[in-house]
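To start, the structure itself, in structure tokens.
Please treat every number below as a calculation from the coordinates, not as lab data. Computed from a predicted structure; not experimentally measured. We place every Cβ from the backbone using ideal geometry, glycine too, and count neighbours over all the protein chains shown.
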Amino acid sequence: MRIIIINGPNLNLLGKREPDVYGNQTFEDYFIHLQQNYPDIKLTFYQSNIEGEIIDKIQEVGFLFDGIILNAAAYTHTSIGIGDAVKAINSPVVEVHISNTFSRETFRHQSYISPNAKGVIVGFGLKSYELALLSFL
């Protein structure tokens, strides 16, 4: 099974950025944890702060991988293009958010990804990624 995790803007700062919201662990360290706990799954990780690069990656893997775990971060609430890319591919997508977006600013309550996602996992910290991964098993 091939699963890719695609992270959007500012998630490269996990462990440094707003630790009260996002925690103290880097995503790279957490990704190693996932790889160790799920050795039978070929996990890949991609991060970009650039909307078009995220769309390109979704299109690149969206017909090849068994699943995509997507945390588009702020682009979730603004990018019709990323939402359209998710709609255009065959690979199922689980939308993930580390924080509970519904307990934050009102603009974070809207998602252009959710209507085309297999499911949405919100608010369980980095554990949200593992919960998404389990949905593919």
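Shown here are the Rg and Dmax of the Cα trace of the chain, at 13.6, 39 Å.
Hand me the trypsin sites (Lys or Arg not before Pro) from segment 1-77 located in a DSSP loop with no more than 12 other Cβ atoms within 10 Å, in residue order please. Kindly include the intermediate steps, with their values, before the conclusion.
Numbers: sites: R2, K16, R17, K42, K57; in loops: K16, R17.
Passing both the DSSP loop test and the Cβ count: K16, R17.
Label-point separation (nm) for R104 and E28, each offset 7 Å from Cα along Cα-to-Cβ? Going from the R104 label point to the E28 one covers 2.3 nm. Relative to one another, the C-alpha centroids of segment 113-137 and segment 24-38 are positioned 16 Å apart.
Label sites at N12 and S114, each approximated as a point 7 angstrom past Cα along Cα to Cβ, lie 2.9 nm apart.
Over all other residues within a Cβ to Cβ distance under 13 Å of K118, the charged ones net out to -1, with Lys and Arg as +1 and Asp and Glu as -1. Which FRET efficiency value, to the nearest 0.05, do you get for D20 and F63 by plugging their Cβ-Cβ distance into 1/(1 + (r/R0)^6) with R0 = 30 Å? In this case the efficiency is close to 0.15.
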